[in-house]
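Asker: The structure that follows is given in the form of structure tokens.
The values are calculated or read from the model by the stated rules, or taken from the named source; none is laboratory data. Everything numeric in this text was worked out from a predicted model, so none of it was measured. Cβ placement follows ideal geometry from the backbone for every residue including glycine, while neighbour counts extend to all protein chains displayed.
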Amino acid sequence: MRLIYWRVSVFIAAAVVPAYWLYQAWIFALGPDPGKVLVDRLGLGTLVLLLITLAMTPLQRTTGWPGWIAVRRQLGLWCFTYVSLHMLGYGFFILGFDWAQLGVELVKRPYIIVGALGFLGLLSLAVTSNRYSQRRLGVRWKKLHRLSYLILGLGLLHMLWIVRADLKEWALYATIGVLLLVLRIPVIAGRIQRRRVKSSNVATKV
């Protein structure tokens, strides 16, 4: 029952953020170019949500609490929702749905191609996140969903290409991403899990 409240809380938190951004855009609180600010925030929100999603497994291994895994799929779907809104916002606010302009943009800003590849990767993960796909793909499902780290790399490259000069924020996200990747190395992941089990046994004896 507690996990239901936890799931609902995560859902509300993830939904409130873009709703608040849209409200800010509606009341012209995002500066002279609210469309661009909104697109940028949705892109950054996608990256943050992807990092949070990837953190769920290490957190579960460290703490043993099942709640982290319980919301992992939901967070992944929210990540796809954010990136979809990011793409939609780019098409509306930046391109004005003038698809002829897209070719010019791709030449001037190749990082858009990197972002599009990341979007396609998240799309493939979202489509196959259900139990039917897990049963149908079997072992291949895990291999497919390991693409999340490649997608993270594409997202970081996309952001790096955009920020260029101010790398402090990018370096923070990149460091977190590297740390999460290190924690997935089998030797390290196994050691963390064994240490947690050992701590639990000691606590039980006490």
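Asker: Consider region 5-29. How many of its residues are closer than 18 Å to residue 46 by Cα and aromatic (Phe, Trp, Tyr)?
Answerer: Qualifying residue count for the region: 3.
Asker: OK, next. Tell me the residue from 135, 61 that is surrounded by 18 or more Cβ atoms within 10 Å (Cβ to Cβ), charged (D, E, K, R), assigned to a helix (DSSP H, G or I) and at pLDDT below 95, please. Steps first, answer last, please.
Answerer: Working: 135 fails: surrounded by 18 or more Cβ atoms within 10 Å (Cβ to Cβ).
Only one candidate qualifies: 61.
Asker: Are there any pairs with C-beta distances below 6 angstrom linking a residue in region 146-165 that is closer than 19 Å to residue 107 by Cβ to a residue that is among the small types (Gly, Ala, Ser) and assigned to a helix (DSSP H, G or I), with the two at least 6 apart or on different chains, and if so which?
Answerer: 158/115
Asker: If residue 41 satisfies all but one of (1) among the basic types (Lys, Arg); (2) surrounded by 16 or more Cβ atoms within 10 Å (Cβ to Cβ); (3) over 14 Å from the mean Cα position of the chain (by Cα), what's the number of the condition it fails?
Answerer: The failed condition is (3).
Asker: Are any of the residues in region 96-109 among the basic types (Lys, Arg), part of a helix (DSSP H, G or I) and closer than 30 Å to residue 30 by Cα?
Answerer: yes
Asker: Do we find a residue being closer than 21 Å to residue 45 by Cα, touching a residue at least 40 places away in the same chain (Cβ under 8 Å) and in contact with a helix residue (DSSP H, G or I) (Cβ under 6 Å, 6 or more places away or on another chain) anywhere in region 126-139?
Answerer: First pass over region 126-139, keeping only residues closer than 21 Å to residue 45 by Cα: 126-127, 129.
Filter once more, keeping what is touching a residue at least 40 places away in the same chain (Cβ under 8 Å): 126, 129.
Still in the running and in contact with a helix residue (DSSP H, G or I) (Cβ under 6 Å, 6 or more places away or on another chain): 126, 129.
Yes, that holds for at least one residue.
Asker: Only one of (1) modelled with pLDDT under 90; (2) exposed (fewer than 13 other Cβ atoms within 10 Å of the Cβ) fails for residue 102. Which number is that?
Answerer: Unmet for residue 102, out of (1) modelled with pLDDT under 90; (2) exposed (fewer than 13 other Cβ atoms within 10 Å of the Cβ): (2).
Asker: Then there's this: Being farther than 13 Å from residue 47 by Cβ, touching a Pro at 6+ places or on another chain (Cβ under 7 Å) and either part of a helix (DSSP H, G or I) or touching a residue at least 12 places away in the same chain (Cβ under 8 Å) (or both) narrows it down to one of 117, 85, so name that one.
Answerer: On the way: 117 fails: touching a Pro at 6+ places or on another chain (Cβ under 7 Å).
Within the list 117, 85, the selection yields 85.
Asker: Ok, one more. Please pick out the residue among 161, 68, 170 that is among the hydrophobic types (A, V, I, L, M, F, W, C), assigned to a helix (DSSP H, G or I) and under 30 Å from residue 5 (Cα atoms). Spell out the reasoning first.
Answerer: Numbers: 161 fails: under 30 Å from residue 5 (Cα atoms); 170 fails: under 30 Å from residue 5 (Cα atoms).
Only one candidate passes the filter, namely 68.
Asker: May I pose another question? Only residues that are touching a residue at least 40 places away in the same chain (Cβ under 8 Å) and either aliphatic (A, V, I, L, M) or touching a Cys at 6+ places or on another chain (Cβ under 7 Å) (or both): list them for region 5-14, please.
Answerer: 10, 14
Asker: Let me ask something additional. Quick check on region 1-49: of everything there that is closer than 27 Å to residue 112 by Cβ and of a type in the set (S, T, N, Q), which residue is modelled with the highest pLDDT?
Answerer: Within region 1-49, the match that is modelled with the highest pLDDT is 46.
Asker: Of all residues in region 123-143, how many are in contact with a Ser or Thr (Cβ under 8 Å, 6 or more places away or on another chain) and closer than 16 Å to residue 80 by Cα?
Answerer: 2
Asker: Just checking, which of 127, 83 is aliphatic (A, V, I, L, M) and either touching a His at 6+ places or on another chain (Cβ under 6 Å) or surrounded by 18 or more Cβ atoms within 10 Å (Cβ to Cβ) (or both)?
Answerer: 83
Asker: Regarding region 90-100, can at least one residue be identified that is among the small types (Gly, Ala, Ser) and within 30 Å of residue 5 (Cα to Cα)? Talk me through it step by step, then tell me what you get.
Answerer: To start, the set of residues in region 90-100 that are among the small types (Gly, Ala, Ser) comprises 91, 96, 100.
Next, from what is left, pick out any that are within 30 Å of residue 5 (Cα to Cα): none.
Looking for residues that are among the small types (Gly, Ala, Ser) and within 30 Å of residue 5 (Cα to Cα), one finds none in region 90-100, hence no.
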